[in-house]
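Data block below; observations after.
The values are calculated or read from the model by the stated rules, or taken from the named source; none is laboratory data. The structure displayed is predicted, hence computed values, not measured ones. Neighbour counts are summed over all protein chains in view; Cβ atoms, including those assigned to glycine, are modelled from backbone coordinates with ideal geometry.
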Ligand SMILES: [Zn+2]
């Protein structure tokens, strides 16, 4: 079994374009770590309003002066050619070249990640100093461009790991495996997801069953989600919640982005649970942290409340989402095994809360005689605990889940769960997966 960082070191430099041989290689390698079912969708296959693109391969790409000095070579770094670039060979003017030569807007020394999956254009990428040198060079008016790429029929692949629970109701985890020669976006998410799946499988083997079924999807960004969902429409009604995992190796606290349905149990449960799991972490609404495959799950006709967990820097940071984003500087060197391990713990903690989240049903009527049950908290020595205990007990009515209570009271899920467990041990409440109102009907 490889560590997360070992796995990333092995896979990161592959040219994992959305439909490509290297994407497949990476997926097959992951299938050696955990049992993966691989779904295939051929080029041209309709997926709702989309179609599966062709397989793309870059055989060779370079830029030379007419004097034969090689300025850019994709053999030095895969990002020197834009992903899904058209093939092109010819002599071009400096102006034409500059229209097709991309640089990173923020990082002068980096080669940017540029993709044109559906636009159909050719292009090269360089650091800012090379572009500057070309735009100022008085001697070289013309340049030789060679881009040998091929577009051919292939199959888009989606890896699926299922961990069956007692219920067919499903919690979906997802991460994207595409992006050539980059590590944090999103191999770190893939590695954390695989490690999480491994822990859940082990938990099951050790005889502590899961209530929900967990389904982990490893896919090429966007089109992979659309391909999978459009070919598994019958599973969508069972998908009760989801979590997209991305950018979990860099040095920032956790960021939990809410779903399109902020009042869903998934949102209330996961956001209140994060407070306890990473006190430095923050929560923010849908589409305000980063956009990714969770958009396909939250979209019309699907509407799975899928949140996303990342280490995107807080709003206002000039290097948001993180400094090396979409560039040749996004290498395994910016990742740390401990940070990814901490993210695995957070994901497992969120899943634990999701498993525990139930309606709290009262066996009592009226206010509980706390002293009689030995649960009274002295308001003189612990005023906050006293108030919380009463606020929580007041909401144990068969109509509030633990997550509802935590969100209403603005406290962590775990705080409420501890009190509920105490009440449960005194047989004052019981837990139910469905609503059980106990107030008389009027
Ligand atoms: Zn990306």
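What the table shows:
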item: Wholly within the stretch 293-402, helices (runs of 4 or more DSSP H) carrying at least 1 residues that are within 16 Å of the ligand (Cβ to nearest atom); result: 294-298
item: Of all residues making up the stretch 173-183, the number that are within 14 Å of residue 244 (Cα to Cα) and either within 16 Å of the ligand (Cβ to nearest atom) or more than 11 Å from the chain's Cα centre (by Cα) (or both); result: 4
item: Conditions (1) in contact with a helix residue (DSSP H, G or I) (Cβ under 6 Å, 6 or more places away or on another chain); (2) within 20 Å of residue 338 (Cβ to Cβ); (3) within 16 Å of the ligand (Cβ to nearest atom); number of the one not met by residue 189; result: (1)
item: Leading residue by the ranking (farthest from the ligand (Cβ to nearest atom)) among those in the stretch 217-241 that are in a strand (DSSP E or B) and surrounded by fewer than 24 Cβ atoms within 10 Å (Cβ to Cβ); result: 240
item: Among residues of the stretch 378-403, those that are crowded, with 17+ Cβ neighbours inside 10 Å and out of contact with any strand residue (DSSP E or B) (no Cβ under 9 Å at 6 or more places or on another chain), counted; result: 3
item: Test: residue in the stretch 96-107 that is closer than 30 Å to residue 221 by Cβ, surrounded by fewer than 18 Cβ atoms within 10 Å (Cβ to Cβ) and away from the ligand (no atom under 16 Å from the Cβ); result: yes
item: Any hit, the stretch 149-158, residues being within 16 Å of the ligand (Cβ to nearest atom), touching a residue at least 24 places away in the same chain (Cβ under 8 Å) and not in a strand (DSSP E or B); result: no
item: Residue in the stretch 86-94 that is modelled with pLDDT under 95 and under 22 Å from residue 22 (Cα atoms) present; result: no
item: Qualifying residue in the stretch 161-171 (condition: at pLDDT below 95, outside the structural domain of residue 94 (by TED's automatic domain parsing) and away from the ligand (no atom under 16 Å from the Cβ)); result: no
item: Breaking point among (1) touching a residue at least 60 places away in the same chain (Cβ under 8 Å); (2) within 16 Å of the ligand (Cβ to nearest atom), for residue 86; result: (2)
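Condition check ((1) assigned to a helix (DSSP H, G or I); (2) surrounded by 16 or more Cβ atoms within 10 Å (Cβ to Cβ)) across all residues:
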site	(1), (2)
172	no, yes
185	yes, yes
188	yes, yes
207	no, no
210	no, yes
